[in-house]
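Structure record follows, encoded as structure tokens.
The values are calculated or read from the model by the stated rules, or taken from the named source; none is laboratory data. No experiment lies behind these values; they were computed from the predicted model shown. For neighbour counting, all protein chains shown are included, and Cβ atoms are generated from backbone atoms with ideal geometry for every residue, glycine included.
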Amino acid sequence: MSVSLSILKSSVPSRLGLVLTVFSLFIVSSAGAEIQNNTGQQAFTGVESYRLASFDLVRITVFEEPEFGISQRVSASGDISMPLLGQVRIGGLTVEEAQRQIELALIEQEFLRQPQVFVSIEGFSPRRITILGEIGSPTSIELPPGTNSFDIEVVIAMAGGFSDLARRSEVRVTRKSAEDGIERVLKVDVDKVMHDEKNGIALTRFRVLPGDILFVPRRFF
């Protein structure tokens, strides 16, 4: 989702209302994507572009090979443990890519010649973004099912926009690496991001990820 906003305190109410309306509609449409799979349990559809994340709950079935079937949460490192097959990394993949990854593993380890693998999402991991500091309403935002990220200006608008004393050019984003678990702090010039987006320049676009903590510092002049 890409929304172009001018996050000025005087314009927050009307523009924030627009963002929250879009956000609400997104949640409703996501909720409408819940169905009952053939096991009688809840599954989610319409998330073709969604990339599987740690602690997502997935169900894996292999056509006419029930011994490979599992319902399991993706590990912190992005792996699942399948019967006989062992560890398979599916974190960061779409559902379609995960299906192909498991099929290749079954072929390479000579379990099956032409496996048909089906992956469904039964539950999403808790996915929250926290924003603090010189902001209208410091808060924690939960991403709706099937969403991997938000543009930084959308997150700020959801939190009430910048305060009059916000140092908009040095928003700090604390992010834990999925690979090594190390927290790193990124500095984002939100004014530049918004200026470039307005002028059709996508290079500076910044996406906020689940687990990120945003801090808007105060300016002193």
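Of note:
- Test: Q87 is farther than 21 Å from P126 by Cα, surrounded by 17 or more Cβ atoms within 10 Å (Cβ to Cβ) and at pLDDT 90 or above: no
- Filtered by the rule that a residue be in contact with a helix residue (DSSP H, G or I) (Cβ under 6 Å, 6 or more places away or on another chain) and of a type in the set (D, E), the stretch 145-163 gives a lone residue, E153.
- Where a residue in the stretch 195-221 is over 20 Å from E142 (Cβ atoms) and its partner, wherever it lies, is surrounded by fewer than 14 Cβ atoms within 10 Å (Cβ to Cβ) and modelled with pLDDT of 85 or more, with Cβ under 7 Å and at least six apart: R218/L165; R219/L165
- Comparison of V154, V185 shows that the only residue that is at pLDDT 85 or above, closer than 26 Å to F55 by Cα and either touching a Leu at 6+ places or on another chain (Cβ under 8 Å) or of a type in the set (S, T, Y) (or both) is V154.
- For the stretch 124-153, the set of residues classified as out of contact with any strand residue (DSSP E or B) (no Cβ under 7 Å at 6 or more places or on another chain) and under 23 Å from R167 (Cα atoms) consists of G136, S137, E153, listed by residue number.
- Near pairs, Cβ below 6 angstrom, 6+ apart or cross-chain, from the stretch 86-111 (at negative phi and touching a residue at least 24 places away in the same chain (Cβ under 8 Å)) to any residue that is part of a helix (DSSP H, G or I) and buried (at least 19 other Cβ atoms within 10 Å of the Cβ): I90/A98
- Whichever residue in the stretch 121-144 is in contact with a helix residue (DSSP H, G or I) (Cβ under 8 Å, 6 or more places away or on another chain) and under 15 Å from A53 (Cβ atoms) and, among such residues, is surrounded by the fewest Cβ atoms within 10 Å (Cβ to Cβ): P144
- Reported count of residues in the stretch 88-115, each being of a type in the set (A, V, I, L, M, F, W, C) and either touching a Pro at 6+ places or on another chain (Cβ under 7 Å) or part of a helix (DSSP H, G or I) (or both), is 7.
- Within the set T174, T147, the sole residue that is of a type in the set (V, I, T), in a loop (DSSP other than H, G, I, E, B) and surrounded by 14 or more Cβ atoms within 10 Å (Cβ to Cβ) turns out to be T147.
- Residue in the stretch 181-203 that is out of contact with any strand residue (DSSP E or B) (no Cβ under 8 Å at 6 or more places or on another chain) and within 28 Å of S77 (Cβ to Cβ) present: yes
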